[in-house]
Amino acid sequence: MVLSAEFIPASADSLLSEFSERAADLGVVVERVADSDEAAARIRRFGTELDVERVAVSAELIAAAPSLKLGLDRRNLAAEVPDDAARVREAPFGASLGLAGIAETGSILLAEASLPDRAIGMLVAVQVIVCRTATLVPSLDQAAALLRALAARPGGAYATLVTGPSRTADIERVLTVGVQGPARLIVLFVDELS
Amino acid sequence: MNQLQTSRVDAHPTTSFAERYERALANQRLSINLTNFQQAWKAARAEAFREADFDELRDRLKTVKTDVVTNLEAYLTQFRLAAEAAGATVHFAADAAAAAGVVRDLALRYAVRVVAKSKSMVSEEVELNHALAEVGIDAVETDLGEWIVQLRSERPSHMVMPAVHLSRQEVGDIFSTALGRDISREQIGDQVQAARDEIRKVFFTAGMGVTGANALVAETGTVLMVTNEGNGRLCSSLPPVHVVLAGIEKLIPTFDDAMVQLRLLARSGTAQRLTSYSTFITGPSAGHEMHIVLVDNGRRRMAAMPEFQEALHCIRCAACANVCPPYREVGGHVFGHIYTGAIGLVVTPFHHGLDAAAGPQSLCLSCNACETVCPVGIPLPRQILDVRALVIEAKGMPVAKRTMLGTLARPKLADRMFRLGSRAQLPMTRGRRFVRARRVPILRRQTRWRSLPALVSRPLRDRLHAETVPYLIPVLSSPAAGMMVGYFPGCMTDRLYPEQGKAIVAAFQKLGVRVLFPPGLNCCGLPANNSGDARHAKWMARQTIRALEQENVEVIVSGSASCVATMAQDYLHLFRHEPSWLARAERLSTKVMDFTSFLDRVVRLPAGSLDDGERETVTYHDSCQGLNALGLRAEPRRILESVMGCELRELTESSLCCGFGGSFSFEYPEVAERLLNRKLDDAASTGANTLVTDNQGCIMHLRGGCDAAGRRLNVWHLAELVDARLTMIAAAQEESD
């Protein structure tokens, strides 16, 4: 699904730089690439670092970026679309589609309609979120408009602003990442997602 | 999993408040853990708000929440209709039993064996786990902190950090026992991994997920839930039935309002820009069910009481606990019932009855720190006093305290008793300024660690009446020269530290300020007000207003920050139902000013004008009323550093209460002693020999602690330093003349 962002920024560069700065505080890796093929190359590289042969990919991401799947196939990283949440229960690596980036907080808006799609971001150890560069908005105020539009759809929506990896400080206030959700988060902003 | 399934939380333990207090004091680790936590949180919060305007955000959210509480039923209807349109089922529960009953019946209807729970304070409030256990259903907490306390059969001791009272060693112990294998006592990463592995099984076996809600967005029927771990998303997604338990006050009108709340909540709760997962759920996922249980359980009663309405603005960030000095010493199992921290003291009577609130509320020492960090501006200190008044009304007050307050309210009787006391104390003071009664059994608990101040035989009132206050030519020119001010000394200055009153009067004389000492002044009523004794507090407030109205002055100055806060702020609340007295209290509140503010804002001495060139090293203790009620922070520092040329060495925690708290230090001497020693240790580490402050209660407490422990620290009221400098200047001028 593609949301029409009302606030396409005058300067994607400045928003991206603010986003990257805020996300870096949380240990999130942020990269900008030109197109889906370049995105596939980056995902392959992360897969190699993780020493995995497959990546769980949301159906939404495949639908939005068919050429990303082709790029992954070409690079011998098996892109598997889970048909059930249990399939990604212990999956090491997954990729999802972000609907918007929020520069103010370094957050990404996720709103997968199907449960298996959503489960990727909840369960995998390392998550890549692929997001169109043009969806970057300055602040939570614009995110409010996007969230309102999602909630108003028939049947509602399940939307999350993801701001960094899963974390806890419940024991002695010591920060530990990867409690229930991903321990590592990578955001790929793609200028031309196809 | 077997071990987990047997670890159920029983209904709230019936251990008495006194037992819990004793147990907390005996736990050596507790205050160490909580001190580390509070200090780290304060620093992190300050950093988190550097890029956000706290006051502006707070005022915005307060306006939103005020609108919600005023139009609660309309927003509830809007939310219900929208949520139902999205496919959710909305239930209303009048009380705790009804709320737990709805969830239990749903679980039975869907033949649920295991419930995966995300953090929900309302579920604690309504004893949900207990209700489910009664019908053989296991509710497993999936938030790490909640899971830890569940394994220990405890309640969360903090609303955001449930296991904040525990050390990693204690966590390692309970994990090893519960999981039947050895889990590291030192490596927190290993502990988290073990918990993750166990809890992940629960998400895939649970037939129902129960979560709370951080907000309910009325415009779309959306449930907002924030978690850092991601367990909330799993609880609300994987099990086929999702139940949301939420108080009816969680409503907010729009997504725009939700963003304001998120900005405040993340920074106030965990010092983050935004929580890791801010999830907005509108309707059930395909093929799943979503039920939203909206709980009253005393909330409508709060909404109907003007004194308590604002407590419904709470967003459960727990910032109030994170700055609370007694909380630091005893933890949330004592400072609170199920809801902990300052807000817990306020809401407990409405959710769990006055009996549950009676003990915890008595632990508040009215330092007002909570109000300064509340992201929705709840007047927590005042509300706690209103709870205290309800407790006193229902349960009465100890005889000794009642007698003391009754005596204080009668000026002539009080005067006779103070004079009698000044003679009766002689065997213990032998003419010294301290009562050192460590060998007197009934006083030992009070004086083992702190000498008490001796009553003076000749109170300030005798001295000021006997020596008329002549007008002198000012030794320094200032805009205050020629002004006429009324002087309110306060009981402690009058009976314990008349030299401080003399210093203020003498300083005024040297500045050319004419001073009037209105006759008939008695106690301002603070001790009664802080004890929940509104009757005597009003009695003394009326006496004070009458006495101060006699003099036609523009400004009334006091050297006691506490008395000023009482007269300028608390009187307005005391007389909220008495329009004629309220009008008089309002007039008084515009005139009353503390000595520091008067010097800084009215006298406005230029930089260096009281500098003796010696660069005296001092430290400054912010009294609670000075800092938190009157908002003084830069003012005393400007006077000490810029005007007097002192080298100011800041205390590490200058805003932390010294532990006096009026009658608090007599009722909870163990906590008062710990707070005192923190302050004195902190002062010692500055290397300064002189500590300056603006409140007699702090002075009494700190000097008493120094005397009992043989510490060498001079504790002075700012006025004493100022007058000493003015005296030097006067002497120099006389010499040159």
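The values are calculated or read from the model by the stated rules, or taken from the named source; none is laboratory data. Treat the numbers as computed from the prediction; the structure is a model and nothing was measured. Note that each Cβ is placed from the backbone with ideal geometry, even for glycine, and that neighbours are counted across all protein chains shown. We work out accessible area using only protein heavy atoms, side chains counted, and drop any ligands, DNA or RNA first. Shrake-Rupley method; radii C 1.70, N 1.55, O 1.52, S 1.80 Å.
Quick look at the values:
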item	result
Exclusive hit being at the interface with chain B (Cβ under 8 Å from one of its Cβ atoms) and either surrounded by fewer than 24 Cβ atoms within 10 Å (Cβ to Cβ) or without any contact (Cβ under 8 Å) to a residue 24 or more places away in the chain (or both), set A:Asp141, A:Asp73	A:Asp141
Residue, surrounded by the most Cβ atoms within 10 Å (Cβ to Cβ), within region A:147-163, restricted to residues that are at the interface with another protein chain (Cβ under 7 Å from one of its Cβ atoms) and in a loop (DSSP other than H, G, I, E, B)	A:Thr163
Residue within region B:373-380 that is farther than 20 Å from B:Cys491 by Cα, at pLDDT 95 or above and part of a helix (DSSP H, G or I) present	yes
Some residue of region B:685-696 being in contact with a Leu (Cβ under 7 Å, 6 or more places away or on another chain), surrounded by 23 or more Cβ atoms within 10 Å (Cβ to Cβ) and in a loop (DSSP other than H, G, I, E, B)	yes
Of all residues making up region B:676-734, the number that are under 21 Å from B:Ser654 (Cα atoms) and free of Cβ contacts under 8 Å to residues at least 12 places away in the same chain	1
Residues (open to solvent by less than 70 Å² (accessible area, probe 1.4 Å) and in a loop (DSSP other than H, G, I, E, B)) located in region B:421-449	B:Gln425, B:Gly431, B:Ala437, B:Val440, B:Trp449
Complete set of residues in region B:129-148 that are buried (at least 24 other Cβ atoms within 10 Å of the Cβ) and under 20 Å from B:Thr15 (Cα atoms)	B:Asn129
Residue, nearest to B:Arg678 (Cα to Cα), within region B:712-729, restricted to residues that are touching a helix residue (DSSP H, G or I) at 6+ places or on another chain (Cβ under 6 Å) and open to solvent by 10 Å² or more (accessible area, probe 1.4 Å)	B:Leu713
Filter result for the condition that a residue is open to solvent by less than 20 Å² (accessible area, probe 1.4 Å) and within 11 Å of chain B (Cβ to nearest Cβ), over A:Ser107, A:Ser114, A:Ser58	A:Ser107
Condition check for A:Ser166: of a type in the set (S, T, N, Q) and under 25 Å from B:Thr220 (Cβ atoms)	no
Filtered residues of region B:276-318 (kept if among the β-branched types (Val, Ile, Thr), more than 7 Å from chain A (Cβ to nearest Cβ) and over 24 Å from the mean Cα position of the chain (by Cα))	B:Ile292, B:Val293, B:Val295
Single condition B:Val140 does not satisfy, out of (1) in contact with an Asp or Glu (Cβ under 8 Å, 6 or more places away or on another chain); (2) more than 12 Å from every other protein chain (Cβ to nearest Cβ); (3) β-branched (Val, Ile, Thr)	(1)
Residues of region A:166-190 classified as of a type outside the set (Gly, Ala, Ser), assigned to a loop (DSSP other than H, G, I, E, B) and within 7 Å of another protein chain (Cβ to nearest Cβ), total	7
Selected residue (only one of B:Gly512, B:Gly608 is open to solvent by less than 30 Å² (accessible area, probe 1.4 Å), of a type in the set (Gly, Ala, Ser) and free of Cβ contacts under 8 Å to residues at least 60 places away in the same chain)	B:Gly512
Subset of region A:164-175 [crowded, with 23+ Cβ neighbours inside 10 Å, of a type outside the set (Gly, Ala, Ser) and touching a helix residue (DSSP H, G or I) at 6+ places or on another chain (Cβ under 8 Å)]	A:Thr168, A:Asp170, A:Ile171
Of all residues in region B:146-203 being under 32 Å from the mean Cα position of the chain (by Cα) and among the hydroxyl-bearing types (Ser, Thr, Tyr), the one that is nearest to the other protein chains (Cβ to nearest Cβ)	B:Ser167
B:Val671, sole failed condition from (1) closer than 30 Å to B:Ile32 by Cα; (2) outside any helix (DSSP H, G or I); (3) open to solvent by less than 40 Å² (accessible area, probe 1.4 Å)	(2)
Filter result for B:Leu627 (assigned to a loop (DSSP other than H, G, I, E, B) and at pLDDT 95 or above)	no
Breaking point among (1) surrounded by fewer than 22 Cβ atoms within 10 Å (Cβ to Cβ); (2) outside any helix (DSSP H, G or I), for B:Lys538	(2)
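A quick yes/no check of all residues on (1) open to solvent by 10 Å² or more (accessible area, probe 1.4 Å); (2) not hydrophobic (A, V, I, L, M, F, W, C); (3) not assigned by TED's automatic domain parsing to the domain that holds B:Ser663:
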| residue | (1), (2), (3) |
| --- | --- |
| B:Leu526 | yes, no, yes |
| B:Asn530 | yes, yes, yes |
| B:Arg546 | yes, yes, yes |
| B:Asn552 | yes, yes, yes |
| B:Ser560 | no, yes, yes |
| B:Met567 | no, no, yes |
| B:Asp570 | yes, yes, yes |
| B:Phe575 | no, no, yes |
| B:Thr590 | yes, yes, yes |
